[in-house]
Amino acid sequence: MRNNTKVSIITAVLNNKEYIEGCIKSVSAQTYKDIEHIIIDGGSCDGTKEILNSYSNDIAKIIFDNKKGIYNALNKGIDEATGDIIGILHADDLYVDNCVIEKVVGVFNNENADGVYGDLLYVNKNYPDKIIRYWQAGDFKASKLKSGWIPPHPALFLRKELYQRFGSYDPLFTIASDYDFMLRLFLKKEIKISYLREILVKMRLGGVSNRDLGCLFKKSSQDYKILKKNSIPFPLLTLAIKNFSKIPQFIKDKR
């Protein structure tokens with residue numbers, strides 16, 4: 001990868017005027033400057049569009065696309081991206097500090113990696129300094145996929161060519177397509193993934209996949225179908241381990 005590595009950050013948003021500004025500022029404040037921030041608005045009508053337009057100097061591309069679903073929006077952003085590396089930052093989320101992208105690019109270049117991931121904090125929706133859960137991803141081993149292991153999606157950065165080689169998000173999985181995509185990707189033995197042992201992202205609790213019991217049930221149902229689709233043995237057991245493995249993240253701060 002060349003020294004002047006360009007990074008594309010993709011954000012999908014729909015009616016999120018309360019938090020989208022923080023997401024934009026989090027990207028624009030990065031010390032690494034060769035970044036394009038692409039935001040896809042799915043048809044907001046709450047004032048989000050006006051906020052996006054007011055930050056047009058900080059956003060490389062604003063795309064208004066009324067196709068339904070976050071994964072259609074992310075796929076659109078990936079198609080439009082011109083960077084060597086692609087990261088996904090949801091409209092509620094923030095980078096933990098201003099040096100995240102600089103550190104990530106350093107790992108890509110120093111280790112000749114195809115992908116880099118780190119750790120993530122779940123935080124209070126209105127008070128992002130209040131930590132609720134600490135997701136320490138840990139080192140990657142293919143055997144861990146059978147126990148439901150996967151890195152935090154917003155803390156995963158990939159070379160764009162991986163999307164071109166292996167495809168992007170399947171919109172049929174309306175709430176868990178990132179799990180399907182990452183599982184497909186991490187099952188490939190020919191790619192090199194590096195773990196950056198640092199917290200990279202703050203994710204506000206209350207997103208689509210964790211806002212209530214109905215969403216959690218829907219996600220688990222889709223996770224089960226994804227495990228079967230990707231030929232993971234004993235999918236029910238893997239799903240149970242995957243869900244129960246989250247409990248220590250709430251009760252033990254490993255930092």
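Remarks
- The simple spin-label model puts a point 7 Å past each Cα toward its Cβ; for Ile63 and Ser147 those points are separated by 3.8 nm.
- Relative contact order (percent, whole number), the chain, Cα cutoff 8 Å, 6+ residue spacing: 21
- By the Kirkwood approach, averaging reciprocal distances over each pair of separate Cα atoms, the range 1-147 gets a hydrodynamic radius of 16.4 Å.
- Arranged from fewest to most other beta-carbon atoms within 10 Å of their beta carbon, Thr11, Thr31, Thr48 become Thr31, Thr48, Thr11.
- This ranking places His90, His153 by how few other beta-carbon atoms lie within 10 Å of each, fewest first, which gives His153, His90.
- Distance between modelled label sites at Arg184 and Asp129, nm, 7 Å Cα→Cβ extension: 4.2
- Extended-chain gain in nm, criterion 0.36 nm per residue less alpha-carbon gap, Ala240 and Leu216: 7.3 nm
- Over the range 54-127, the fraction of Cα-Cα pairs per 10 Å bin, rounded to whole percents and listed from the shortest bin up, is 13, 39, 39, 8.
- Checking the cross-link pairs Lys225/Lys246; Lys33/Lys160; Lys125/Lys228; Lys144/Lys225 against a 29 Å limit on the alpha carbon distance flags Lys125/Lys228 as lying beyond it.
- Exposure proxy ranking, count of Cβ atoms within 10 Å, fewest first, for Ser44, Ser8, Ser28, Ser143: Ser143, Ser28, Ser44, Ser8
- Three semi-axes of the equivalent ellipsoid, the chain, Cα gyration tensor, whole Å, largest first: 26, 22, 19
- In the elastic network of the chain, a GNM with C-alpha springs shorter than 10 Å, the most mobile of Lys141, Lys103, Lys49 is Lys141.
- With a simple spin-label model that places each label point 7 Å from the Cα along the Cα-to-Cβ direction, the separation between Glu102 and Phe166 comes to 3.0 nm.
- Top positive-direction residue, dipole computed over the chain with Cβ charges, set Ile241, Tyr169, Ile132: Ile241
Rule-based calculations on the coordinates, nothing more; no lab input. All of these numbers come straight from a predicted model, not from anything done at the bench. Positions of Cβ are backbone-derived with ideal geometry, glycine not excepted, and every protein chain shown enters the neighbour counts.
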